[in-house]
1. For residue 157, work out the one condition from (1) buried (at least 20 other Cβ atoms within 10 Å of the Cβ); (2) touching a strand residue (DSSP E or B) at 6+ places or on another chain (Cβ under 7 Å); (3) not β-branched (Val, Ile, Thr) it doesn't fulfil.
2. Just to be sure I understand, how many residues within region 113-154 are within 20 Å of residue 63 (Cα to Cα) and surrounded by 21 or more Cβ atoms within 10 Å (Cβ to Cβ)?
3. Take region 63-74 and flag every residue that is buried (at least 16 other Cβ atoms within 10 Å of the Cβ) and under 14 Å from residue 46 (Cα atoms).
4. Quick one: residue 149 ticks every box in (1) closer than 30 Å to residue 55 by Cα; (2) at pLDDT below 95; (3) among the small types (Gly, Ala, Ser); (4) in a helix (DSSP H, G or I) bar one, so which box is it?
5. Here are some residues: 166, 209. Which one is within 30 Å of residue 91 (Cβ to Cβ), in contact (Cβ under 8 Å) with a residue 12 or more places away in the chain and of a type in the set (Gly, Ala, Ser)?
6. Which residues, counting only those in region 38-52, are without any contact (Cβ under 8 Å) to a residue 60 or more places away in the chain and surrounded by fewer than 15 Cβ atoms within 10 Å (Cβ to Cβ)?
7. Inspect region 104-117 for any residue being touching a residue at least 40 places away in the same chain (Cβ under 8 Å) and farther than 18 Å from residue 134 by Cβ and give the result as yes or no.
8. Return the residue satisfying two criteria in turn: it lies in region 80-92 and is modelled with pLDDT under 95 and either under 15 Å from residue 105 (Cβ atoms) or among the β-branched types (Val, Ile, Thr) (or both), and of such residues it is surrounded by the fewest Cβ atoms within 10 Å (Cβ to Cβ).
Amino acid sequence: MRLLGSRHAEVPHVFDSYFLLKLAHILLFVYWLGGDIGVFYSASFVRDRTLSVEGRRTALRILAWVDQIPRYCLVLMLPVGYTLALRLGVVRLPPTFMAILWVVALVWLWAVWAIHHYQGTPLGERIRKIDLGWRFVLLFGLLFDAWQGFTGEGHLLTDWVSLKFALLASMLFCGIMIRLLGKPMGPALKQVFATGSTPELEAIIQRTAGRTRPFVLAIWALLVVAAYVGIAKPDLGGLS
């Protein structure tokens, strides 16, 4: 009877909000990294000039769909991480800020969906530019928060949380660089699909992939480091 009673007593803890937040945070890491690897592999078929145009077009459709998963994970990482950190007592934020943060995240999530859904339209292009501008704003905001945390000011109460902010900012930077450096690939692929492959177009595609690849690999490494920091919670000699 004691055994059954103890098991029954443990069940509510499995379904409390902290457990679910922690699970969501872990799954965001998993699907972000897993989705990114799928995109990376699909891209090799998009670049393969030995495939038919239709084969490369199909690979691009798969890539574009799978690529949405890491994008959604990026958007949700901040509000889920903030909420989890608040439960742990390692950030200091008023409830109003958290509500605003979730609203902003949901709007950003819609924008990421809309960029994909309205791709190639004037509306999609406008949203894409707004999204890029927002990423710059968020990048500098995260870096500022991390700096304040390391100096003992602001709302981040531990150095490991400050480090996670800096790591997320670094991932945002890599994503921005991928978008900027990868810009020539879109028109080149569009031309290949419309008129066929040429050495000049294939050179643009390969050169663009080579420029963006280091930033893709950097995101993978940063994700692993961020996961380690969240588990180990290292003290860097700043805040305790």
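The values are calculated or read from the model by the stated rules, or taken from the named source; none is laboratory data. Just so it is clear, the structure is predicted and the values come from calculations on it, not from any experiment. With ideal geometry, Cβ positions are generated from the backbone for all residues, glycine too; neighbour counts draw on all protein chains shown.
1. Only one criterion is unmet by residue 157, namely (1).
2. Matching residues across region 113-154 total 1.
3. The answer is 63, 66, 67.
4. Of (1) closer than 30 Å to residue 55 by Cα; (2) at pLDDT below 95; (3) among the small types (Gly, Ala, Ser); (4) in a helix (DSSP H, G or I), only one is false for residue 149: (1).
5. Numbers: 209 fails: within 30 Å of residue 91 (Cβ to Cβ).
The conditions single out 166.
6. Those that are without any contact (Cβ under 8 Å) to a residue 60 or more places away in the chain and surrounded by fewer than 15 Cβ atoms within 10 Å (Cβ to Cβ): 41, 44, 48, 50, 52.
7. Of all residues in region 104-117, those touching a residue at least 40 places away in the same chain (Cβ under 8 Å) come to 112-113, 116.
Next cut, farther than 18 Å from residue 134 by Cβ only: none.
Checking region 104-117: not a single residue is touching a residue at least 40 places away in the same chain (Cβ under 8 Å) and farther than 18 Å from residue 134 by Cβ.
8. In the first step, residues of region 80-92 are kept if they are modelled with pLDDT under 95; the result is 81-92.
This time we only want the ones that are either under 15 Å from residue 105 (Cβ atoms) or among the β-branched types (Val, Ile, Thr) (or both), so: 81-86, 90-91.
Details: 81: 21, 82: 20, 83: 20, 84: 19, 85: 23, 86: 17, 90: 20, 91: 23.
That would be 86.
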